Amino acid sequence: MSAAPMPVAVNTFREAVRDRVLYNLVFFALLMIGAAILVGQISIGIDRLVIVNLGLSAISLFGLVMAIFIGVGLVSKEIEKRTLYSLLAQPIRRWEFLIGKYAGLVLTLVVNNFFMTLGLAAALFYVGRPFVRTDAVILVSIYFILLELALVTAIALFFSCFSTPMLSTLFTLGIYITGNFASDIRGFGDFTKSPGVKVVTRVIYYLVPNFHNFNSIAAASHGEPIPLALVGQNTLYAALYVALLLVAASAVFSHRNLK
Amino acid sequence: MNAPAIEILGLTKDYPVGFWRKKMRRSLDNLTLQVEEGEIFGYLGPNGAGKTTTLKLLTGLIFPTAGTARVRGKSIDDVTMHREIGYLPEQPYFYDYLTARELLDYYGHFGGLSKAQRRERVAQLLERVGLASAANLQLRKYSKGMLQRAGIAQAMLHDPKVVFLDEPMSGLDPVGRREVRDIILELKNQGKTVFFSTHILSDAEMLCDRVAVLASGKLLGVGAPGDIVALEVHAMDILFELREGRSLPAGLPGQVTTMGGRCHMEVPESDLYAALEQLRRCEARILSVLPVRPTLEDYFLRLVEKEKVTSHTVEVTVR
């Protein structure tokens, strides 16, 4: 494996840090502090549920916004600003550049999620609830959120290779929303009598990643266990989709003229 | 015999245009060219001539519609070719959140330099392009001239054998231009090949071993600037002074302009001796007689004008 993606990844992370992307952590911290204070005053015995639910939803939402809005600019911004010209004249292959950009944003999301997880833990600590063994499910849920974000980033990067940031945002968001309702769309197809609609819904179901499988916020809030098989299945599923998307992105970008 | 530094064979580039992208616009038309090792090669042409397209093709940023090119024997499709080249894009723009030192260190990774090598090379280059004192300043705070210097430094970073510079003097003040000229000459002294596009013909005339002129995507001519401008001498310039009380003789073969008591007269070469005889008869003091050579600019403008009229390639090969 080439070492070229590594400096690109580090530089992408550095760009996010210097562009103050991680400032969203301040908003997250404020949200958690506010929620902890409020929940401590009004809830009776459901403080854990509210804090975990709110915390995980915020982690997911903040990460999603970052993955989409930074992801769609990963390549297109470099082309638009012409920073790519001098870089690609260096001895680096285009796919190495793409992998580096992808890894850099995923690294940013991991760091971001790490600090948000600490914030969530601090909020739980504040409401005076001792940590128990079943809280591990919260970490699994955060892992699922990361897998989901890695997948969203790959989709955004793919569109970024040939489309404008505006269209890429719409496409990525569209796929994310459709992917959250993938099972419902298939179910709708099964109910309908039209063979055409059946085919279309089936195609959508198999083509679009099923994001619903990554959503374990409700389980984590109620302290319900998440089966280990689901962890393996989701990991494999995300890895496969990400790999396919990166291969497709590389194929498109390797033939793109940088006018 | 060594392979040429740059060998371009029938390089052609078409871009799709229009809403449906079915029509094609030819940006570069069947360019065939060779640049030898150690040459400074000037690539001249008006805006839209295809200069940047050629450089982008050679650096792998765009892909040819037809034809091929090699740099030091390596195909432009080959990523290892990039170890042989340095490239300064036109109006370079870099990651503005980085300092010049960080930028060069970042690019240094791709050339396979170790951390210690990068540190040394980066410091050396920053010193060379006059950015040592601004090395730790973010590039967003750089002036256009400073960015250009940072760009030149990155083009020289991994000590490439062939350096492509797209309008390297653009946006620089006279001091900056002189510094860039010095760098180009220094690269030549180190045995590098420099291929640069420019609008500033005096720079090309001063620096280049050979130049090529391009218009509307077509190569119009290739040759040494000295050969090109020495080719045609149609007129002679006579500088003289009249003695006190004397006036200009009638019927001189050229128009006389007087400045500061001295007279200039441009005459056709065939009329030189007749003109000198007339001046001798009125006892004028001849100060100098010089041939009037066309400048590279004249040559360039003539070719471009000709291309506009004929709209097909004119074969002009001087050497």
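Rule-based calculations on the coordinates, nothing more; no lab input. Model, not experiment: these values are computed from the prediction. No Cβ is skipped: glycine too gets one built from the backbone with ideal geometry, and neighbour counts run over all protein chains shown.
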Quiz item: Along the range B:132-144, what does the Karplus equation 6.51 cos²θ - 1.76 cosθ + 1.60 (θ = phi - 60°) give for ³J(HN,Hα), rounded to whole Hz, x for Gly and Pro?
Solution: 4, 6, 10, 4, 9, 9, 5, 5, 5, 9, 7, 7, 4
Quiz prompt | Using a Förster distance of 56 Å, the FRET efficiency for A:L49-B:R119 (Cβ separation, nearest 0.05) | solution = 0.55
Exercise. Note the angle between two axes, namely the Cα long axis of helix A:94-126 and the longest principal axis of the Cα atoms of chain A, as a number of degrees from 0 to 90, rounded to the nearest 10.
Key: 10 degrees
Quiz item: Which of B:K141, B:K22, B:K51 moves most in a GNM of chain B, Cα contacts under 10 Å?
Solution: B:K22
Exercise. With an 8 Å cut-off on Cα pairs and a minimum separation of 6 or more residues, tell me the relative contact order of the range B:233-292 in percent.
Key: 54 percent
Quiz prompt | Antiparallel bridges, percent of DSSP beta bridges restricted to the protein assembly as shown (to nearest 5) | solution = 65 percent
Quiz item: What list do you get for B:E90, B:E241, A:E224 if you sort them by fewest beta carbons within 10 Å?
Solution: A:E224, B:E241, B:E90
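To the nearest µm²/s, what D does Stokes-Einstein give for the protein assembly as shown at 10 °C and 1.306 mPa s, using the Kirkwood radius over alpha carbon pairs as Rh?
56 µm²/s
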Quiz item: In which sequence would B:T52, A:T153, A:T178 go, from the one with the fewest C-beta neighbours within 10 Å to the one with the most?
Solution: A:T178, B:T52, A:T153
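Going through the cross-link list B:K74/B:K306; A:K77/B:K141; B:K23/B:K144, which pairs have a Cα-Cα distance over 27 Å in this structure?
Listed pairs above 27 Å: B:K74/B:K306; B:K23/B:K144.
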Self-check item: Distant-in-sequence amide H partners of B:S27 (H built 1.01 Å from N, under 5 Å)
Solution: B:K13, B:D14, B:Y15
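Evaluate peptide B:102-114: per residue, the Cβ atoms of other protein chains within 10 Å of its Cβ; return the mean as an integer.
So the per-residue partner count for this stretch is 4.
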Self-check item: Residue-count net charge about B:E120 - beta-carbon cut-off 14 Å; Lys, Arg +1, Asp, Glu -1
Solution: +3
Quiz item: Roughly how many debye, to the nearest 20, is the charge dipole of the protein assembly as shown about its Cα centre, given +1 on each Lys and Arg Cβ, -1 on each Asp and Glu Cβ, and no other charges?
Solution: 1300 debye
Practice problem: Report the FRET efficiency, 1/(1 + (r/R0)^6), for A:L139 and B:Y15, where r is their Cβ-Cβ distance and R0 is 35 Å, rounded to 0.05. | Solution: 0.10
Quiz item: Hey, what do the phi angles of the range B:40-55 turn into as Karplus ³J(HN,Hα) couplings, whole Hz, using 6.51/-1.76/1.60 and θ = phi - 60°, x for Gly and Pro?
Solution: 9, 10, x, 10, 10, x, x, 4, x, 6, x, 5, 5, 4, 4, 5
Self-check item: Footprinting exposure proxy for B:H158, A:H212 (fewest neighbouring C-beta atoms within 10 Å first)
Solution: A:H212, B:H158
Self-check item: Within a Gaussian network of chain A (alpha carbon springs, distance under 10 Å), most fluctuating of A:P225, A:P91, A:P165
Solution: A:P91
Exercise. Using only alpha carbon pairs under 8 Å that are at least six residues apart, calculate the relative contact order of chain B and give it in whole percent.
Key: 19 percent
Exercise. Give a residue-ordered list of calculated ³J(HN,Hα) values for the range A:163-178 (Karplus: 6.51 cos²θ - 1.76 cosθ + 1.60, θ = phi - 60°; whole Hz; x for Gly, Pro).
Key: 10, 6, x, 4, 5, 4, 4, 4, 4, 5, 4, x, 5, 4, 5, 4
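How high is the relative contact order of the range A:149-211? Use alpha-carbon pairs under 8 Å, at least six apart in sequence, and give a whole percent.
33 percent
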Practice problem: Using only the alpha-carbon atoms of chain A, report the extent along each of the three principal axes, biggest first, to the nearest angstrom. | Solution: 62, 55, 32
Quiz prompt | Choice from A:G223, A:G73, A:G34 showing the highest fluctuation, given a GNM over chain A with Cα pairs closer than 10 Å | solution = A:G34
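Could you calculate the FRET efficiency of A:E80 with B:L137 from 1/(1 + (r/R0)^6), where r is the beta carbon distance between them and R0 is 25 Å, rounded to 0.05? The partial results should precede the final answer.
Numbers: r = 24 Å, r/R0 = 0.96.
After rounding to 0.05, the efficiency reads 0.55.
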Practice problem: Starting from the alpha-carbon convex hull of the range A:25-134, give the projected area averaged over all orientations, in nm². | Solution: 8.7 nm²
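How large is the direction-averaged shadow of the alpha-carbon convex hull of the range A:124-259, in nm²?
11.7 nm²
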Quiz item: Residues with amide H under 5 Å of B:Y43's amide H, sequence separation 5 or more or different chain, H placed in the peptide plane at 1.01 Å from N; which?
Solution: B:F196, B:S197, B:T198, B:A212
